[in-house]
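The values are calculated or read from the model by the stated rules, or taken from the named source; none is laboratory data. Remember, predicted model here, so these are calculated numbers, not experimental data. Note that each Cβ is placed from the backbone with ideal geometry, even for glycine, and that neighbours are counted across all protein chains shown.
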Amino acid sequence: MNGPAIEIRDLRVSIGEKEILKGINLTIPEGTISALMGPSGSGKTTLLRVVNRLIDLIDGVKVSGIVKVFGKSIMDMDVYEVRRMSGMVFQIPNPFPHMSIYDNVAIGARVNGVAKSKRELDELVKWALERAMLWDEVKSRLRDPPWRLSGGQQQRLCLARALALKPKLLLLDEPTANIDPVNTLKIEEALRNLRKEEGMTIFMVTHMPQQAIRLADYTVMIYDGRVVEEGPTEEIAISPRHELTRKFLRGEV
Ligand SMILES: Nc1ncnc2c1ncn2[C@@H]1O[C@H](COP(=O)(O)OP(=O)(O)OP(=O)(O)O)[C@@H](O)[C@H]1O
Ligand SMILES: [Mg+2]
């Protein structure tokens, strides 16, 4: 059993007067894929935003509790270090429109000085695009702007951009919600390979139970800012203990 990649104890988040996360306790083991599911508005995106500290950007936010990533309390860390440890992919593909496909992937490594030479950078860009299962489709057009790519390709480009910093943890917020089935399966295969071959820990929001079943070792169900159930995906999907999980799986909440 590996150590935890993410440990959350009594996490509370309020924005203005409204309490959004109401005492979250959660452990995500290293080297696993975990799915975060729950109805719209239950706090899934907010939880991911805490883990990479994008929550800091929201006005009037209050955060309390303990959040550790690979054993370090992220509240005490430099925010850039936190974001280097955890790559993030959002629901809507958001490549930088004014940069080429190549530069979209290379930018983080350039800024952080990860690659020392042009050759190292080329290799890193190729590795990230291969890992995102996009290399073969773009290798002859790396200087093209990203908006010439399909939506699904743009999402894989965003995955490659996140991977180029070699994060140990990958956070994804419904990465395939706006993507066709073929691209969805490619992204899922990329995630499975990243876990298996790179030992990456993956924590993803999905609203599709079938996706959790295909991909995730563990599933966490949240409802109204609280974890209602967590465990191995088969247990949650086949014999959920909680009525809210059963309702969610039947599409009723
Ligand atoms: N910046 C904000 N200011 C005020 N309220 C917010 C803000 N961001 C989120 N909320 C509120 O927090 C609650 C949880 O939102 P969140 O986006 O985390 O839900 P979610 O589970 O990701 O939902 P969805 O499945 O629709 O993406 C919602 O009631 C939302 O309106
Ligand atoms: Mg959301």
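Is there a residue in region 96-107 that is at pLDDT below 95 and either in a helix (DSSP H, G or I) or aromatic (Phe, Trp, Tyr) (or both)? For region 96-107, residues at pLDDT below 95 and either in a helix (DSSP H, G or I) or aromatic (Phe, Trp, Tyr) (or both): present.
The test for being surrounded by 23 or more Cβ atoms within 10 Å (Cβ to Cβ) and touching a helix residue (DSSP H, G or I) at 6+ places or on another chain (Cβ under 7 Å) holds for Leu159. Residue selection: Met133 satisfies the criterion of being assigned to a loop (DSSP other than H, G, I, E, B), more than 16 Å from ligand 1 (Cβ to nearest atom) and at positive phi.
Hey, any hits in region 82-97 for a residue that's more than 23 Å from Arg195 (Cβ to Cβ) and touching a Pro at 6+ places or on another chain (Cβ under 7 Å)?
Of all residues in region 82-97, those more than 23 Å from Arg195 (Cβ to Cβ) come to 92, 94-97.
Next, only the ones that are touching a Pro at 6+ places or on another chain (Cβ under 7 Å) stay: 95, 97.
Scanning region 82-97 turns up at least one residue that is more than 23 Å from Arg195 (Cβ to Cβ) and touching a Pro at 6+ places or on another chain (Cβ under 7 Å).
Of all residues being of a type in the set (Lys, Arg) and in contact with a helix residue (DSSP H, G or I) (Cβ under 8 Å, 6 or more places away or on another chain) in region 26-61, which is farthest from ligand 1 (Cβ to nearest atom)? Just the residue, please. Out of the qualifying residues, it is Arg53.
Looking only at residues of region 39-59 that are more than 17 Å from the chain's Cα centre (by Cα) and more than 21 Å from Ala177 (Cα to Cα), we find that the one that is nearest to ligand 2 (Cβ to nearest atom) is Ile58.
Could you tell me whether any residue of region 208-227 is away from ligand 2 (no atom under 16 Å from the Cβ), within 24 Å of Met88 (Cβ to Cβ), of a type in the set (Gly, Ala, Ser) and in contact (Cβ under 8 Å) with a residue 24 or more places away in the chain? The answer is yes; a qualifying residue exists. Restrict the check to region 20-40 and report whether at least one residue is modelled with pLDDT under 95 and out of contact with any strand residue (DSSP E or B) (no Cβ under 9 Å at 6 or more places or on another chain). Looking through region 20-40, at least one residue is modelled with pLDDT under 95 and out of contact with any strand residue (DSSP E or B) (no Cβ under 9 Å at 6 or more places or on another chain). Checking each residue in region 129-161 for being charged (D, E, K, R) and over 11 Å from Ile101 (Cβ atoms) picks out Glu130, Arg131, Asp136. Figure legend. Inter-residue proximity from region 159-180: first residues within 19 Å of Glu30 (Cα to Cα) and assigned to a loop (DSSP other than H, G, I, E, B), second residues among the hydroxyl-bearing types (Ser, Thr, Tyr) and more than 12 Å from ligand 1 (Cβ to nearest atom), beta-carbon distance below 8 Å, spacing 6+ or different chains. Indicated pairs: Pro167/Ser86; Lys168/Ser86; Lys168/Thr201.
Out of the residues in region 175-200 that are closer than 19 Å to Thr45 by Cβ and away from ligand 1 (no atom under 16 Å from the Cβ), state the one that is farthest from the chain's Cα centre (by Cα). So that I can check it myself, show each step before the final result.
Looking only at region 175-200, we keep the residues that are closer than 19 Å to Thr45 by Cβ, and these are 175-179, 187, 191.
Narrowing further to those that are away from ligand 1 (no atom under 16 Å from the Cβ): 187, 191.
Working: Ile187: 12, Leu191: 10 Å.
Filtering region 175-200 for residues that are closer than 19 Å to Thr45 by Cβ and away from ligand 1 (no atom under 16 Å from the Cβ), the one farthest from the chain's Cα centre (by Cα) comes out as Ile187.
Out of curiosity, is Lys18 free of Cβ contacts under 8 Å to residues at least 40 places away in the same chain and over 20 Å from Arg192 (Cβ atoms)?
Considered against the rule, which asks whether it is free of Cβ contacts under 8 Å to residues at least 40 places away in the same chain and over 20 Å from Arg192 (Cβ atoms), Lys18 comes out as yes.
Evaluation of Gly23 against the conditions (1) within 16 Å of ligand 1 (Cβ to nearest atom); (2) surrounded by fewer than 21 Cβ atoms within 10 Å (Cβ to Cβ); (3) within 30 Å of Gln210 (Cα to Cα); (4) free of Cβ contacts under 8 Å to residues at least 24 places away in the same chain shows that the sole unmet condition is (4).
Residues in region 192-204 that are surrounded by fewer than 23 Cβ atoms within 10 Å (Cβ to Cβ) and not polar (S, T, N, Q): Arg192, Leu194, Arg195, Lys196, Glu197, Glu198, Gly199. When restricted to residues that are away from ligand 1 (no atom under 16 Å from the Cβ), within 13 Å of the chain's Cα centre (by Cα) and of a type outside the set (D, E, K, R), region 153-174 contains 9.
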